[in-house]
2 protein chains.
Amino acid sequence: MKKATSGKMKKPATQREEFRGKIIDALAQTMDLYGVNYSFGQLYGIMFFEDKPMTLEKMQASMNMSKSNMSYAVRALIDSKMASKLKEKEERKDLYVAETDFFKAFQSFFATKLQREIDVMRGALDAVIPPLSETILELNTTEEERKLCLEDLHKLKHAVNYYEWLQRFVNDLQSGIYFEGRQDG
Amino acid sequence: MKKATSGKMKKPATQREEFRGKIIDALAQTMDLYGVNYSFGQLYGIMFFEDKPMTLEKMQASMNMSKSNMSYAVRALIDSKMASKLKEKEERKDLYVAETDFFKAFQSFFATKLQREIDVMRGALDAVIPPLSETILELNTTEEERKLCLEDLHKLKHAVNYYEWLQRFVNDLQSGIYFEGRQDG
DNA sequence: CCAATCGTTCAATAATTATTTAACAAATTG
DNA sequence: CAATTTGTTAAATAATTATTGAACGATTGG
């Protein structure tokens, strides 16, 4: 992804808006690093500075983009728990706020991604290890093939260990213990 | 990114190759999650199973893709330290190996990404905080504008704390202390 | 209960990214 | 040192993803 050329954000009027723009760009670049659409990252940045809950209409105005795209964007942010929808509405319109605590945002974003990774890999490992083991155990498997299967199995067992460790890591991340030495909140 | 339809991998001949294919697909999906080109992720998977060093030619044959693209792919893997180039060559051809220790691969991949994030964000914060502070200190700043700037400054200071914490986290990640409880190596 | 409006989805289009082909410089062998 | 051969890059093309506009059901306010 890349800085979109369509629907460019409105030009900074004050110096403060210019500063915000720089931080928003850095945030969007950062999120882009992890596979998040650059524009969706920008929206996070805008919501980060906007202290009040925002409507889709407001987002549309800030980003100069279609409401449709804002709908997709805000949903993506909600999926990775970087934003949330409020229960209240403002004259029929849904309201959304960004998670402005970077520590919590980090926790949510990575925990979500890592958990998805674990689920995908565990799914594949669980599907492959049993029949691979079976092949090794079968009498009519050639000696050469058995040797190759054993090597693969060894690698997959290493992967299982890794993903068990990673699951503990994610649990710890969610528990908050890594944030114990933090300064501020 | 998405499973490429061009240059599809050769069909599995043995059951073992089919199993490998499933794991390779899961690995590629996983890397895709973090913004890595799916095909490049597949290449990592192939190198992961191939125990010997590989040449570009070999990669080309395994993936049914151009040597050019394999050159790009292997470089991306090297950049995130998931693979490395050997000093030796095999009849003029460069040799590459994948990092097969998932713990080390994790360490490298995330440390690289997170460090890039820290650098981008610190760059923006360092560029913005001093002039923003200056604006607040200036006499001819309106009361309203000063209030808004102060709110922004507060948020950015929180971000600085976060990135200081994240830098310590990355240092710890690189030191290996998070892997102390691991089972296997 | 009707008219307006919100948010979502689908299909179309625009924009970006992935991949290839071709050209080239560096290295190497005979 | 000439002829190959390698790996990289640039430009062109193919494929995918992002964004929009329009259509629709749901909701709500009159």
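To test your reading of the geometry: what angle, between 0 and 90 degrees and rounded to tens, separates the Cα axis of helix A:102-137 from the longest principal axis of chain A?
20
What angle, in degrees between 0 and 90 and rounded to the nearest 10, separates the Cα long axis of helix A:38-49 from the longest principal axis of the Cα atoms of chain A?
With both axes taken from Cα atoms, the answer is about 50 degrees.
Measure nothing fancy, just the Cα-based angle from helix A:15-33's long axis to the longest principal axis of chain A, in degrees from 0 to 90, nearest 10.
It is inclined by approximately 10 degrees.
Find the centroid of the Cα atoms in the stretch B:62-91 and in the stretch A:111-158, then give the distance between the two in whole Å.
So the separation of the two Cα centres works out to 25 Å.
Quick one: label points 7 angstrom along Cα→Cβ at A:Q167, distances to the other copies in nm, smallest first?
3.6
Beyond 35 Å, what share of the Cα-Cα pairs of the protein assembly as shown is found? Please give it as a whole percent.
Roughly 36 percent, once rounded to a whole number.
Residue by residue through the stretch B:84-100, which ³J(HN,Hα) values in whole Hz follow from phi under the Karplus form 6.51 cos²θ - 1.76 cosθ + 1.60 (θ = phi - 60°), with glycine and proline marked x?
8, 8, 7, 6, 6, 10, 10, 6, 6, 8, 5, 10, 10, 10, 8, 6, 8
Give a quick list of trypsin sites (Lys or Arg not before Pro) in the stretch B:1-107 that DSSP marks as loop, anything other than H, G, I, E or B, with at most 15 other Cβ atoms within 10 Å.
Qualifying residues, ordered by number: B:K2, B:K3, B:K8, B:K10, B:K81, B:R92.
Taking GluC sites (Glu not before Pro) as candidate sites, keep only those in a DSSP loop with at most 12 other Cβ atoms within 10 Å, then name the longest stretch of chain A containing none of them.
Longest site-free region, per DSSP loop and neighbour criteria: A:1-90.
Averaged over peptide A:95-104, how many Cβ atoms belonging to another chain are found within 10 Å of each residue's Cβ?
Mean partner shielding for this stretch: 2.
Between copies, how far apart are the B:L86 label points? List them in nm, one decimal, shortest first, with each point 7 Å from Cα toward Cβ, please?
6.2
Applying 1/(1 + (r/R0)^6) with R0 = 25 Å to the Cβ-Cβ distance of B:K87 and B:D51, what FRET efficiency is obtained, to the nearest 0.05? Provide the component values of the computation, followed by the final result.
Values: r = 19 Å, r/R0 = 0.75.
FRET efficiency, B:K87 to B:D51: 0.85.
Kindly give the distances from A:E151 to its copy-mates, label point to label point, with each label point 7 Å from Cα along Cα→Cβ, as nm values to one decimal ordered shortest first.
Spelled out, the distances from A:E151's label point are 6.3 nm.
Provide the descending list of Cα extents for chain B along its principal axes, expressed in whole angstroms.
Extents along the principal axes: 76, 40, 33 Å.
With +1 on each Lys and Arg Cβ and -1 on each Asp and Glu Cβ, and nothing else charged, work out how big the dipole of chain B is about its Cα centre, in Debye to the nearest 20.
1180
Nearest 0.05, what FRET efficiency do B:L137 and B:E164 give at R0 = 22 Å with Cβ-Cβ as r? Walk me through the intermediate numbers first.
Working: r = 24 Å, r/R0 = 1.08.
The value I calculate is 0.40.
From other protein chains only, count the Cβ atoms within 10 Å of every residue's Cβ in B:15-25, then give the mean.
Averaged over the peptide's residues, the number is 6.
Considering only chain B, pick the residue with its Cβ nearest the axis of the rotation onto chain A, and state the distance in whole Å.
B:G35, 2
Using just the helices of the protein assembly as shown, give the 222 nm mean residue ellipticity in deg cm²/dmol: DSSP H runs with n ≥ 4 each add -39,500 (n - 2.57), and the total is spread over all residues, rounded to 500.
Calculated mean residue ellipticity at 222 nm is -22500 deg cm²/dmol.
Values in this text are rule-based calculations from the coordinates and carry no lab data. What you see is a predicted model; the values in this text were computed from it and never measured. Note that each Cβ is placed from the backbone with ideal geometry, even for glycine, and that neighbours are counted across all protein chains shown.
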